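Below is one structure, written out as structure tokens; comments come after it.
The values are calculated or read from the model by the stated rules, or taken from the named source; none is laboratory data. Note that the coordinates shown come from a computational prediction; the quantities given were computed from them, not determined experimentally. Cβ: placed from backbone, ideal geometry, glycine included. Neighbour counts: every protein chain shown.
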Amino acid sequence: MQGEEILLEVSHVNKKFPVKKQRLHAISDVSFALHKGELLGIVGESGCGKSTLAKMLVGSLPVSSGKMELSGVDYAALKGKEKRAFRRKIQMVFQDPLSSFSPRMKIGTYLAEPRRNYDKVSKQQAFAEAEQLLEKVGLPRDFLVRYPHELSGGQLQRVAIARALAIHPELLICDEATGALDVSIQNQIAKLLVELVREQNMGCIFIGHDLALVRSVTQRIAVMYLGRIVELLDSEDLEVSCRHPYTKALLNSVFDVYCDQNEEIQLLQGEPPSPLQMPDGCPFAPRCPKCTEKCRRQIPVLRTIADGHDVACHYAM
Ligand SMILES: Nc1ncnc2c1ncn2[C@@H]1O[C@H](COP(=O)(O)OP(=O)(O)O)[C@@H](O)[C@H]1O
Ligand SMILES: [Mg+2]
């Protein structure tokens, strides 16, 4: 990715939620960059902060601290009109498409809405574009006059993607966008996303808990654990190059075939600690088969161990 233009730069972002007079650290010191046209995957167990990060990135949840820049614009600081105008640049597709549809709104109206709202184009123009969008995501044009309940989950998700693309965002965030669909449909939707991201030269953050699927559609993967990025590397190198014990454990639970000849297979034991009671040292220490005294005392920072490969583990080389 070297030399390519940076689209999104996230620097030292934190999110704390007040919970019963305590502070829940949902996101701790997250930094990464995304290039134009790049698909970056984010994986990690449920509760590790993926959706919280996504919501901060689209601007629907304020950051507690840190900076987010899209093409050099620090957009967390924008207000009023400027904020509204900026919002179109980052669109999101959620896991449950039905929740974002109104049961009485026809698909055509739903697809035409963003262009009508943001660009005040005529109804006729917006509907003509909606027809083209349907075609782009592989759906028949007569879906314009259908209602959401007449469509399958996969078809609805295609419509949700079409709507996100209607206003030509620079960044698309898919939060478990295929998670609720059948496996065969998941792959189709993921493939469609890859094609569209390439075609429109957008950036895309593809969040999922299915490591195999995320790896197959992205160029790089960020592995999150308890609100932190613990490893960031090229997707195609995942199996051979990953160094963090958590990434290895995740891989072992997905691909039985993965095994480093010199290491015993480690499966993930237990649950992550509560984000209300963060361990003092490495967040993965309580579950890590290689944990030492240093790990219990000191949080490892995310450091570069090879070109394009960052790891937060004291012992990764
Ligand atoms: N609005 C909120 N108030 C308090 N805690 C929250 C809120 N939203 C999320 N959390 C907590 O933040 C952590 C990360 O949640 P989330 O981002 O939804 O994880 P993921 O999407 O990876 O499953 C969890 O411990 C969750 O309970
Ligand atoms: Mg989530």
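Filter the stretch 173-211 down to the residues that are without any contact (Cβ under 8 Å) to a residue 60 or more places away in the chain and out of contact with any helix residue (DSSP H, G or I) (no Cβ under 8 Å at 6 or more places or on another chain) and list them by number.
Within the stretch 173-211, V183, S184, E195, E199 qualify.
Keeping to the stretch 45-57, report how many residues are more than 9 Å from ligand 2 (Cβ to nearest atom) and at pLDDT below 95.
1
Can you name the condition, by its number, that K67 falls short on among (1) over 26 Å from E199 (Cα atoms); (2) surrounded by fewer than 15 Cβ atoms within 10 Å (Cβ to Cβ)?
(2)
Between a residue in the stretch 79-93 that is over 11 Å from I173 (Cβ atoms) and any residue that is of a type in the set (D, E, K, R), which pairs come within a Cβ distance under 7 Å, given they are 6 or more apart or on different chains?
Sorted first by the residue in the stretch 79-93, then by its partner, the pairs are K89/E170.
Just one of S102, S122, S152 is polar (S, T, N, Q), modelled with pLDDT of 95 or more and surrounded by fewer than 21 Cβ atoms within 10 Å (Cβ to Cβ); which is it?
S122
Run down I6, I42, I27 and say which single residue is more than 12 Å from ligand 1 (Cβ to nearest atom), in contact with a Leu (Cβ under 9 Å, 6 or more places away or on another chain) and among the β-branched types (V, I, T).
Going through I6, I42, I27 in turn, just one is more than 12 Å from ligand 1 (Cβ to nearest atom), in contact with a Leu (Cβ under 9 Å, 6 or more places away or on another chain) and among the β-branched types (V, I, T): I6.
When you scan the stretch 134-141, do you find a residue that is part of a loop (DSSP other than H, G, I, E, B), in contact with a Lys or Arg (Cβ under 6 Å, 6 or more places away or on another chain) and closer than 28 Å to I185 by Cβ, even just one?
yes
Residues that are surrounded by fewer than 16 Cβ atoms within 10 Å (Cβ to Cβ), modelled with pLDDT of 95 or more and touching a strand residue (DSSP E or B) at 6+ places or on another chain (Cβ under 6 Å): does the stretch 261-282 have at least one?
So far as the stretch 261-282 goes, no, none of its residues is surrounded by fewer than 16 Cβ atoms within 10 Å (Cβ to Cβ), modelled with pLDDT of 95 or more and touching a strand residue (DSSP E or B) at 6+ places or on another chain (Cβ under 6 Å).
Among the residues of the stretch 11-37, what is the count of those that are within 16 Å of ligand 2 (Cβ to nearest atom) and touching a helix residue (DSSP H, G or I) at 6+ places or on another chain (Cβ under 7 Å)?
Number of matching residues: 4.
Residue check, A128 against (1) without any contact (Cβ under 8 Å) to a residue 40 or more places away in the chain; (2) within 15 Å of H168 (Cβ to Cβ); (3) in a helix (DSSP H, G or I); (4) among the aliphatic types (A, V, I, L, M), all met but one. Which one?
(2)
Applying the selection to the stretch 18-68, what residues are of a type in the set (D, E, K, R) and within 25 Å of L238 (Cβ to Cβ)?
The answer is D29, K36, E38, E45, K50.
So G108 ticks every box in (1) within 29 Å of G72 (Cα to Cα); (2) crowded, with 17+ Cβ neighbours inside 10 Å; (3) modelled with pLDDT of 95 or more but one. Which box is left unticked?
(1)
Go through the stretch 172-226 and count every residue that is in contact with an Asp or Glu (Cβ under 7 Å, 6 or more places away or on another chain), small (G, A, S) and either part of a helix (DSSP H, G or I) or away from ligand 1 (no atom under 16 Å from the Cβ) (or both).
Total meeting the criteria: 1.
Counting only residues that are of a type in the set (A, V, I, L, M) and near ligand 1 (Cβ under 8 Å from one of its atoms), which one in the stretch 48-60 is surrounded by the most Cβ atoms within 10 Å (Cβ to Cβ)? Give the steps one after another, and end with the answer.
Taking the stretch 48-60 and keeping what is of a type in the set (A, V, I, L, M), we get 53-54, 56-58.
From what is left, the residues that are near ligand 1 (Cβ under 8 Å from one of its atoms) are 53-54.
Details: L53: 28, A54: 21.
Applying the filter and picking the extreme gives L53.
Does K83 satisfy being among the charged types (D, E, K, R), more than 16 Å from ligand 1 (Cβ to nearest atom), crowded, with 17+ Cβ neighbours inside 10 Å and over 15 Å from the mean Cα position of the chain (by Cα)?
no
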